[in-house]
1. Please give the length that would be gained between Gln228 and Lys56 if that part of the chain were fully extended, namely 0.36 nm times their separation in residues minus their C-alpha to C-alpha distance (nm, one decimal).
2. With the Cα gyration tensor of the chain giving a ≥ b ≥ c as the square roots of its eigenvalues, does the rule (a/c under 1.5 for rounded; else a/b larger than b/c for prolate; else oblate) give rounded, prolate or oblate?
3. Could you give me the ³J(HN,Hα) list for the stretch 312-326, computed from phi with Karplus coefficients 6.51, -1.76, 1.60 and θ = phi - 60°, whole Hz, x at Gly and Pro?
4. Rounded to the nearest 0.05, what FRET efficiency do Thr289 and Lys206 have when you use their Cβ-Cβ distance and R0 = 41 Å?
5. Among rounded, prolate and oblate, which fits the stretch 227-331 when a ≥ b ≥ c are the square roots of the eigenvalues of its C-alpha gyration tensor, a/c under 1.5 means rounded, and a/b larger than b/c means prolate?
6. For Asn148 and Met1 in one chain, what is 0.36 nm times their gap in residues minus the Cα-Cα distance, to one decimal in nm?
7. Between the alpha-carbon centers of the stretch 73-102 and the stretch 244-302, tell me the distance in whole angstrom.
8. Quick one: order Met1, Met332 by neighbouring beta-carbon count within 10 Å, fewest to most.
Amino acid sequence: MESLYPLLMQPGFDPRPWGTQDLSPIYPNHRFDQKIGESWLTGDECKVANGPLKGKSLAQLSEEYQRDLVGEAARDPKRFPLLLKFLFPHEKLSVQVHPDDAQAMRVGQPWGKTECWYVAYAKPGAQIALGLKPGVTAAQLEEAIHQNRAEEVLNWIDVYAGDMIYVAGGTVHTLGPGSIIVETQQQSDMTYRLYDYGRPRELHLKDGMAAVKENVKSGKVLRPAPEQIRSKSRRAPLVAAPYFVVEMFEAKDALQFAVRDDSGKSSAQILVAVEGCGVIEAPGFEPVTLAKGDAVVIPASVGDFGVRPQWAVEFLRAYVPGRALPEPETRM
């Protein structure tokens, strides 16, 4: 069995009717004939792009390497715990909801889908809908869906580059056009489409309405100001939640990282570059280049590692917390 090493992931580009052919803000050298809505980075079927394990999927590697890949903090040793992807909404997404863990288990799934959105880019006026307007009930939402006016009962908020949005399972939501999002979520593709503006796609009203929660802790995450680390670099805590921790780094110095958090438990680390370029270095392993749009998975068995910027690099770091964390403080 090959030894694990830092894994450069091959993006999986997913066509969606609300997407765009122009992904140049993140992928300037790619050209597309279809509208691309999402770039999947660490899904079950996403494949490794470097080294002896090139072409293997994360699902295959998780089954084979288990805790050596995913770490001690992951709930299931045989499944990669977090899915990260870029979203490129050029039109409104469908109004949808993801089940929380309890609702997912009722339909035979191991867990639900809580997620968070880092706004990497936003045009003036970009909006998302998150939850229901104050006082609106699930029954009123269902009535509005049948009357083709679901948008009217949603809670629309403006978003700006640098925002972090927490989307708890059970939250009705959609994205409007004009932003680029980095999504971190539980490894699940359970999505119930409630309303789609007349587009000819299947709706999932029965299961979806059963998953809707009227009161959720979703919203813009309240977080501390970025902190200076080293002489020229900054760290910005974005969200610490039950299923994931996500931080942003603006690096102009070489930075060092550990695969264990303050709990002492290890987790696979996922790095996603949103600007610039850097090199990931770990003792005993070949260096891996991390450029804008790339994701690199650091298996838990690799241990400590570093990121050396090539002039400068901005990247997200995501992992599973080793201890139980509450939902974050948010505001709408």
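Coordinate-derived values only; no laboratory data. Here the structure is a predicted model, which means the values were calculated and not measured. So basically every Cβ, Gly included, is an ideal-geometry build from the backbone, and we count neighbours across all protein chains shown.
1. 58.1 nm
2. Numbers: a/c = 1.65, a/b = 1.53, b/c = 1.08.
In terms of gyration-tensor shape, prolate.
3. 7, 8, 10, 8, 8, 10, 10, 7, 8, x, x, 10, 5, 10, x
4. On the way: r = 47 Å, r/R0 = 1.15.
Calculated transfer efficiency: 0.30.
5. Values: a/c = 1.85, a/b = 1.29, b/c = 1.44.
Verdict is oblate for the stretch 227-331.
6. So the extension gain works out to 47.4 nm.
7. If we compute the Cα centre of each part, the gap is 21 Å.
8. Working: Met1 6, Met332 12.
Neighbour counts put them in this order, fewest first: Met1, Met332.
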